[in-house]
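Here is the structure we will look at.
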Amino acid sequence: MKTGVLISLGIYFAAMLGIGFYAWRTATSTLKGFLLGGRTLGPGVAALSAGAADMSGWLLMGLPGAMFVSGLGAGWIALGLVIGAYLNYLVVAPRLRVQTERADDSITVPRFFEKRFDDSSGALRTISALVIIIFFTLYTSSGMVAGGKLFQSAFGADYALGLWLTAGVVVIYTFFGGFLAVSLTDFVQGIIMFVALILVPLVAIFDVGGGSAAAAEVARANPAMLDPVAGLSPAAIASSLAWGLGYFGQPHILVRFMAVRSLRAVPAMRRIGMSWMIVALAGALATGFAGLALATRRGLTVKDPETIFILLSNLLFHPLITGFLLAALLAAIMSTISSQLLVSSSSLTEDLYRSRMKREATDKELVRIGRLCVLAVSLVAIALAWNPDNNILGLVANAWAGFGAAFGPIVILGLCWRRLTRNGALAGMIAGTVTVLFWIYAPVLGGAALSSVIYEMIPGFVACAAAAIGVSLAGAPPPAHVIARFEESEAELQAAGQ
């Protein structure tokens, strides 16, 4: 490995660990501080933290790889994500910020569900916590795979070593610094990713000879790649657009809405977050496009399309800059892993350990349990990621659909419809989860899964919404005090002009 690359990566790792130490000394003495940062995030930190947590290694590996293989048809995923994210900021963010505080100051999504629907049985909270733990462990493993591939492809290092190095740094700053460390590192990582996703495609396109020359090279490789609908059925386009539905149910993004310091900060958070996201997605797609053009012109063989960002970084830049670009890729991977580890830890600690096992536990004990859960989930994720042939985009797609279908309709209906009941929410959550799992794993098409026909997000989301609405309307309305609290939240939103 070149010295310049080592220097850049060393600076990056030291900065992340330094932020973790700062957060450890600042806001981890209470469970609320460890898991939600005390609801003190400014709009800029909250927005970039949400963006960096959202856009994992798939942004710099999976999405450029899809563009490299499929051409402009990969852009449908990005379009769906932009639409979904904007609606999430517009509809969900302000309502969730208000309602979680009114719902007994809920600091996790499962606890909010329990308080929002007045579920004294604890079933809703327990099931939603289990859904989070299962799907986030799978999701976290996709980040570990990306880390292993990075070290293997960029440095020729052992894949397993890459897994341990990636996990090691993330676990250290998450273990000690909690939510504040995760959010502050996400903010820095978001800036690094933003710069890298502008720099790499611009330099690659310039190297090829400009945009027209790049398009000509792509056409020479395969003319169909310049047609965004070539070879795509309506079901395939709908499946790509349906990625946007997943935003409404992603706990690691929802907690940023809960943690922003005030309702008034939400519009600024939305503007910053959407601007960052649009540039980042455009840069990721342009990286895959420019990478295909450059590989075609130079006659390069790209064994793994998901490593095209790494190839361009090594090929076109000075080692010091290459180190910075590889740090951007690590930032994308680590920011999401840390968020997922913390949310999984919060569900194990707050929603299972305290609510089901030890209600009288002290804050000190709960923070200690939370840190141990971070370690436990990371070890399971490493075990799941041990196979280097795992496809990053595929792992993310499954977990993304699981959350979107299990939680998305419940979040939207719970925040916007006073008539949704506890039984309706529980029925919807179960229906969405079961449908997604059936769609992924049931070999009903001659051994092939239904997900090969249409993305599991669509049937799962529909099943969840239909079950939630149907069961709610068939039963008694929510208790009067639940409706009254909902109306108070709506009045606060109207008074704030949101």
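The values are calculated or read from the model by the stated rules, or taken from the named source; none is laboratory data. Fair warning: this is a prediction, and the values are worked out from it, not measured in the lab. Here the Cβ is made from the backbone with ideal geometry for all residues, glycine too, and neighbour counts use every protein chain on show.
Within region 279-318, the set of residues being within 22 Å of the chain's Cα centre (by Cα) and of a type in the set (Phe, Trp, Tyr) comprises just one member, Phe309.
So, in region 315-325, of the ones that are out of contact with any helix residue (DSSP H, G or I) (no Cβ under 6 Å at 6 or more places or on another chain) and over 18 Å from Met193 (Cβ atoms), which residue ends up surrounded by the most Cβ atoms within 10 Å (Cβ to Cβ)? Outline the logic, then answer.
So in region 315-325, the residues out of contact with any helix residue (DSSP H, G or I) (no Cβ under 6 Å at 6 or more places or on another chain) come out as 315, 317-318, 321.
Still in the running and over 18 Å from Met193 (Cβ atoms): 315, 318.
Numbers: Leu315: 16, His318: 11.
The selected residue is Leu315.
Looking only at region 227-252, residues that are surrounded by 15 or more Cβ atoms within 10 Å (Cβ to Cβ) and part of a helix (DSSP H, G or I) come to 16 in all. Return the residues of region 52-76 that are at pLDDT below 85 and either over 15 Å from Gly291 (Cα atoms) or in contact with a Pro (Cβ under 7 Å, 6 or more places away or on another chain) (or both); say none if nothing qualifies. Result: Ala52, Ala53, Asp54, Met55, Ser56, Gly57, Trp58.
Residue count for region 485-498 satisfying the condition of being free of Cβ contacts under 8 Å to residues at least 12 places away in the same chain and either closer than 14 Å to Gly414 by Cα or of a type in the set (D, E, K, R) (or both): 1.
Which of the following residues is modelled with pLDDT of 90 or more, farther than 30 Å from Leu87 by Cα, β-branched (Val, Ile, Thr) and in a helix (DSSP H, G or I): Val170, Val218? Reasoning before the result, please.
Values: Val170 fails: modelled with pLDDT of 90 or more.
Selected residue: Val218, the only one of Val170, Val218 that is modelled with pLDDT of 90 or more, farther than 30 Å from Leu87 by Cα, β-branched (Val, Ile, Thr) and in a helix (DSSP H, G or I).
Only a single criterion out of (1) farther than 30 Å from Ala425 by Cβ; (2) among the aliphatic types (A, V, I, L, M); (3) in contact with a Phe, Trp or Tyr (Cβ under 8 Å, 6 or more places away or on another chain); (4) modelled with pLDDT of 85 or more is not satisfied by Ala160, namely (4).
Which of the residues that make up region 458-473 are surrounded by 15 or more Cβ atoms within 10 Å (Cβ to Cβ), more than 19 Å from Leu241 (Cβ to Cβ) and among the aliphatic types (A, V, I, L, M)? I'd like the intermediate steps shown before the answer.
Let us first name the residues in region 458-473 that are surrounded by 15 or more Cβ atoms within 10 Å (Cβ to Cβ), namely 458-469, 471-472.
Then drop every residue that is not more than 19 Å from Leu241 (Cβ to Cβ), which leaves 466-469, 471-472.
Listed by number, the residues that qualify are Ala466, Ala467, Ala468, Ile469, Val471.
If Ala406 satisfies all but one of (1) at positive phi; (2) crowded, with 24+ Cβ neighbours inside 10 Å, what's the number of the condition it fails? If we test Ala406 against (1) at positive phi; (2) crowded, with 24+ Cβ neighbours inside 10 Å, just (1) comes out false.
Quick grid of which residues meet (1) over 22 Å from Phe117 (Cβ atoms); (2) crowded, with 21+ Cβ neighbours inside 10 Å; (3) in contact (Cβ under 8 Å) with a residue 40 or more places away in the chain:
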position: Cys416; (1), (2), (3): no, no, yes
position: Ile430; (1), (2), (3): no, no, yes
position: Leu437; (1), (2), (3): yes, no, no
position: Ile440; (1), (2), (3): yes, no, yes
position: Leu445; (1), (2), (3): yes, no, no
position: Val453; (1), (2), (3): yes, no, yes
position: Glu456; (1), (2), (3): yes, yes, yes
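Among the residues making up region 450-470, a single one is of a type in the set (Phe, Trp, Tyr) and in a loop (DSSP other than H, G, I, E, B): Tyr455. The listed residues are Val266, Val260, Val255, and the only one of them that is buried (at least 23 other Cβ atoms within 10 Å of the Cβ), β-branched (Val, Ile, Thr) and over 29 Å from Ala14 (Cβ atoms) turns out to be Val266. Somewhere in region 474-497, is a residue part of a helix (DSSP H, G or I), at pLDDT below 90 and exposed (fewer than 13 other Cβ atoms within 10 Å of the Cβ)? Yes, some residue in region 474-497 is part of a helix (DSSP H, G or I), at pLDDT below 90 and exposed (fewer than 13 other Cβ atoms within 10 Å of the Cβ).
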